[in-house]
1. Just checking, how many residues over the stretch 20-52 are at pLDDT 85 or above, touching a Lys or Arg at 6+ places or on another chain (Cβ under 9 Å) and not charged (D, E, K, R)?
2. On the basis of being on the phi < 0 side of the Ramachandran plot and open to solvent by 90 Å² or more (accessible area, probe 1.4 Å), does residue 65 make the cut?
3. Residue 35 versus (1) assigned to a helix (DSSP H, G or I); (2) open to solvent by 30 Å² or more (accessible area, probe 1.4 Å): which is the lone unmet condition?
Amino acid sequence: MESDNEQIIAKSICPARKALNVLKGKFTLEILSEIIDGNLHYGSLLRSIDGINPRILAQRLHEFEKIGVLSRKVLPTNPPQVEYRMTEKGTALRKIAEEMKSWGEKFEE
């Protein structure tokens, strides 16, 4: 049986799970970092992220759009290009990603 303290801790951690669910996927931080840095098109993302599979990139971009982290705009070019931008929700993840990077650099072995 959980004590009152354990229940309070579990409730306070629960909202963090939502952020972790967004950030836990393969290449997540790399993709979001590239978009924050100005790589807005699928082709430039594919070229700039080492080792990413085109299918994985497309899947991750679709997931980010679905949860509201990215917006997607089809540009009227020939051939058509798609541009991805961070939404307010996505931009709010920047601070979290930077803290994770700092932690990793500090405790890197």
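1. Summing the residues that are at pLDDT 85 or above, touching a Lys or Arg at 6+ places or on another chain (Cβ under 9 Å) and not charged (D, E, K, R) in the stretch 20-52 gives 10.
2. Criteria not met by residue 65.
3. Tallying (1) assigned to a helix (DSSP H, G or I); (2) open to solvent by 30 Å² or more (accessible area, probe 1.4 Å), residue 35 fails exactly one: (2).
Residue by residue, here is whether (1) open to solvent by less than 40 Å² (accessible area, probe 1.4 Å); (2) farther than 21 Å from residue 16 by Cβ; (3) β-branched (Val, Ile, Thr) holds:
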{"site": "28", "(1), (2), (3)": "yes, no, yes"}
{"site": "41", "(1), (2), (3)": "no, yes, no"}
{"site": "44", "(1), (2), (3)": "yes, yes, no"}
{"site": "49", "(1), (2), (3)": "yes, yes, yes"}
{"site": "87", "(1), (2), (3)": "yes, no, yes"}
{"site": "95", "(1), (2), (3)": "no, no, no"}
{"site": "98", "(1), (2), (3)": "no, no, no"}
{"site": "105", "(1), (2), (3)": "no, yes, no"}
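The values are calculated or read from the model by the stated rules, or taken from the named source; none is laboratory data. Fair warning: this is a prediction, and the values are worked out from it, not measured in the lab. For neighbour counting, all protein chains shown are included, and Cβ atoms are generated from backbone atoms with ideal geometry for every residue, glycine included. Areas reflect the complete protein model, heavy atoms only, side chains present, ligands, DNA and RNA absent. Shrake-Rupley method; radii C 1.70, N 1.55, O 1.52, S 1.80 Å.
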